[in-house]
């Protein structure tokens, strides 16, 4: 070996002396050629090294799988009624304040009506008086009809309608027909009275809406009252140029909880049931999470722009005065909770021709194993059979060198991204292995 090194050294010195005797141009050419050769040789070695596949794995562990559905909506209120009015003018006096308890019909505020409202009030009062007169007339009419019914009945019973009547006798036929007609007239008049009473109730409500006194619609606690003496109240125009009622506050029954209304898709609504637990996050309180449950599902649905959604009501377990109607809310409905099940990242699962399988890395060798899949969330999948706790499943693969902190794409089509909050018993440890 020593002799070989001495010979190699003498040869290098000989070549170096020859190189020094060359002209400058030849020296530059030789150096350039050697540089190009060394560059391509280095690239080839580097590419061969980088082309070695690298695998990202995750350990199969037992844990808790939570599946859920997330939907957006707005806050509503349960056991809550709006204090409304169609009157316009200037608020004269306010008799209550937020937090006060009021009874149905109790005065809330008085308004100095402007000219348009005075005209509306006069018209509404005239309609009310007309409805009242119609009801009184209908009640008077039924008295005479009741007397006619009694008389026709007695005529029939004491006349042709004896214990042994002759049904084809003309007298029998006429008396019986008069009795039945009187009975029908009496029943019809009862319906007329019911209709007249409904019209009177409608006229009374219309009159109260343009009244100079605003009253409580139900008994409860005042909230969101936005009236003050001297405050003008303007009309709210609708699409048909008529005025509509405007809300000036709310009355909430004691014990009424907040509610959220969310819209579910056709796919999601089939998984939701009344009573399922829900977590809720409001844009106004991003750092707080509230709880509740599904209280109602409108399975008739509604269609908008060709898209069908199903309004679903969620009732809060607890409420706070800082949450107001129409605030934006995101609701996560808990569908299933399965404990002590085998879990793998969803990105590790492959499906081909209806068969699901994963790739196991053991002692540097890769084995494809068919598995039986159970429930799944956006990030995790339950495995019912095929692999065991502690196995290492391949979740990602790349042909280029990656650092320990790099993100490796899954070759199996699962991104592993999602909004589902899912917890496991120990948390899978990912590591990168280079073969």
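Derivation of every value follows stated rules applied to the coordinates shown; laboratory data play no part. The structure displayed is predicted, hence computed values, not measured ones.
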Computed over all unlike Cα pairs, the Kirkwood hydrodynamic radius of the range 81-251 in Å stands at 19.8
Expressed as a whole-number percentage, the relative contact order of the range 81-251 with C-alpha contacts under 8 angstrom and at least six residues apart is 48
Rounded to whole angstrom, the alpha-carbon centroid of the range 108-154 lies from that of the range 348-381 at a distance of 77
